[in-house]
1. Residues of segment 237-260 being open to solvent by less than 80 Å² (accessible area, probe 1.4 Å), out of contact with any Phe, Trp or Tyr (no Cβ under 7 Å at 6 or more places or on another chain) and either in a loop (DSSP other than H, G, I, E, B) or β-branched (Val, Ile, Thr) (or both), which ones?
2. Can you find even one residue in segment 283-296 that is among the hydrophobic types (A, V, I, L, M, F, W, C) and touching a strand residue (DSSP E or B) at 6+ places or on another chain (Cβ under 9 Å)?
3. Scan segment 159-179 and report the pairs whose first residue is within 14 Å of residue 41 (Cβ to Cβ) and modelled with pLDDT of 95 or more and whose second residue is open to solvent by less than 10 Å² (accessible area, probe 1.4 Å) and of a type in the set (Lys, Arg), with Cβ atoms within less than 9 Å and a gap of 6+ or a chain change.
4. State the number of residues belonging to segment 216-236 that are open to solvent by 10 Å² or more (accessible area, probe 1.4 Å) and either in contact (Cβ under 8 Å) with a residue 40 or more places away in the chain or in contact with a Ser or Thr (Cβ under 7 Å, 6 or more places away or on another chain) (or both).
5. Specify the residue that is farthest from residue 54 (Cα to Cα); the eligible residues are those in segment 72-96 that are of a type outside the set (Gly, Ala, Ser) and under 14 Å from the mean Cα position of the chain (by Cα).
6. Can you tell me which residues in segment 37-83 are over 12 Å from residue 176 (Cα atoms), small (Gly, Ala, Ser) and open to solvent by 10 Å² or more (accessible area, probe 1.4 Å)?
7. Within segment 44-71, can you find the residues that are β-branched (Val, Ile, Thr) and in a helix (DSSP H, G or I)?
8. Of the conditions (1) open to solvent by less than 10 Å² (accessible area, probe 1.4 Å); (2) of a type outside the set (Asp, Glu); (3) at pLDDT below 50, residue 16 satisfies every one except a single condition; which number is it?
Amino acid sequence: MIDRTHLRALVTSAALAAGLLLSACNGDSLSTGAKANRPIPEKLLAEIESKNMDKASPMLVRLFKQEAELEVWKQDRNGKFALLKTYPICRWSGDLGPKVKEGDRQAPEGFYSITPAQMNPTSAYYLSFNMGYPNAYDKAWGRTGSQLMVHGDCSSRGCYAMTDEQISEIYALGRESFFGGQNAFQVQAYPFRMTPQNMARHRNNPNMPFWKMIKEGNDHFEVTRQEPKVDFCERKYVFDAEKPANATRPLAFNASAPCPAYQVSPEIAEAVQDKQRTDELKTAQLVSRGTPSARSRAGIDGGMHPVFASKLPEGEAAIDKDVTDYAVASYLPAPGTVPSHATIPKAPETAPSFSFTSSNSEPMVAAMPAAASRSAPSNANASAGPSEGFLTKLSRSVGLRGSDPEPVAAPAKPAAVTAAPKAKSAGPSREAAKSAPPRVIPLERPQQAQSQTPATAPAPAPQQSLAGAQPAVPANSFDSRWSTIR
């Protein structure tokens with residue numbers, strides 16, 4: 001029998017050995033006692049005790065991009081997971097949606113497992129742990145990328161970056177869970193909190209089929225308060241699969257192969273179905289009441305929690321005023337030191353172009369039902385043929401036409417154009433690219449009015465408009481400290 005002291009030594013040695021192999025977040029040589037072995041703060045230990053938990057009990061992490069918050073859950077003495085603490089995320093990069101390829105700046109979304117070997121005590125970004133991207137689902141879709149971390153230093157190019165003080169606590173909580181016998185802790189990374197309000201707001205996003213798939217795992221966790229068992233088959237996620245009662249062989253899953261015969265515990269399945277029906281009804285009601293779609297984030301690189309952004313010069317402009325479900329208030333003191341090189345999320349200096357090299361096309365095709373796929377044509381169709389206007393094809397490609405069966409409030413008519421249009425357009429200005437409200441883009445520009453119109457001339461057809469449909473493109477500017485990563 002190995003005693004606890006020897007077990008701690010073994011786990012620490014394994015983490016150190018793994019850390020030396022990590023290249024992306026590898027950097028300064030440092031003493032493990034200085035950072036990696038720092039104890040959990042006394043205040044947090046008292047909170048653990050007050051919530052009927054043990055410091056060495058299993059933990060689970062949930063990440064939410066839109067709200068820029070990281071939750072740490074721990075198993076209490078009744079065997080259920082309960083929320084211990086919510087940490088505001090100092091910086092994440094990319095857009096809402098999963099990571100697809102090396103260099104796309106996207107922070108991953110999905111379910112990942114963190115073992116002691118993925119803990120990096122020698123990170124150049126204070127401390128870190130590797131999320132394990134790509135997982136089996138990502139690999140089945142041919143996704144690429146490496147060294148995607150949760151770390152300190154408040155700088156990100158595809159990672160979730162905390163302050164050094166925050167990652168010190170999170171790292172210590174994970175370390176103690178390993179010392180307590182947990183083989184791996186689960187990370188659930190979401191685009192936003194999976195509420196009916198957010199599902200209604202983002203209903204037109206082409207990533208919605210993928211998000212509905214991972215929402216099922218969220219629902220399993222929320223109804224059971226247990227870490228969902230995750231498997232992969234047919235290039236999709238499967239949660240809490242069990243061997244059928246009459247089966248004689250253990251389940252064998254392969255992310256690229258057909259799913260084996262499996263079942264989900266009737267108790268769990270019924271509870272999840274009830275939650276899904278309730279959420280879908282609420283979502284449909286919100287849409288029918290005119291809940292507006294989320295504004296375009298075209299060209300905006302990532303996010304930062306308001307508790308940090310509000311303390312930085314020009315940071316207020318980076319706060320999404322439409323998001324109201326923050327768990328950490330922006331007026332609180334910043335939890336940790338924000339380094340001088342930290343940058344706020346903002347649009348690129350040049351106006352984004354209308355590019356359709358979407359990073360989400362494969363998962364969208366995988367999960368989208370036939371009816372939905374007919375209403376949202378592929379990227380290749382977006383540029384086909386001159387017989388249809390480019391922006392008309394653009395609106396169909398991003399799912400803003402014919403893809404929402406629920407009734408929505410009718411959009412307001414654009415204001416009449418009083419100034420004669422210029423013969424040539426220089427394209428959107430830098431100021432227009434940075435403006436907060438969604439743009440209204442005429443799909444068919446009317447011919448310039450003649451100086452004298454005959455009284456019998458028919459009235460011009462009303463303009464069609466597309467609001468907030470700027471496509472997201474990766475930002476090109478970021479500090480060169482990340483030149484070797486992803």
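The values are calculated or read from the model by the stated rules, or taken from the named source; none is laboratory data. Since the model is a prediction, treat every value here as computed from it, not as a measurement. Virtual Cβ from ideal backbone geometry, glycine too; neighbours counted across all protein chains shown. Ligands, DNA and RNA are stripped out before the accessible areas are found, and what is left, the full protein with its side chains, is counted by its heavy atoms. Shrake-Rupley method; radii C 1.70, N 1.55, O 1.52, S 1.80 Å.
1. 240, 247, 252, 257, 259
2. No: segment 283-296 contains no residue that is among the hydrophobic types (A, V, I, L, M, F, W, C) and touching a strand residue (DSSP E or B) at 6+ places or on another chain (Cβ under 9 Å).
3. From residues that are within 14 Å of residue 41 (Cβ to Cβ) and modelled with pLDDT of 95 or more, the pairs are 173/74.
4. Within segment 216-236, residues that are open to solvent by 10 Å² or more (accessible area, probe 1.4 Å) and either in contact (Cβ under 8 Å) with a residue 40 or more places away in the chain or in contact with a Ser or Thr (Cβ under 7 Å, 6 or more places away or on another chain) (or both) number 11.
5. Only one residue tops the list, namely 95.
6. 46, 50, 79, 82
7. 48
8. Among (1) open to solvent by less than 10 Å² (accessible area, probe 1.4 Å); (2) of a type outside the set (Asp, Glu); (3) at pLDDT below 50, the lone unmet condition for residue 16 is (1).
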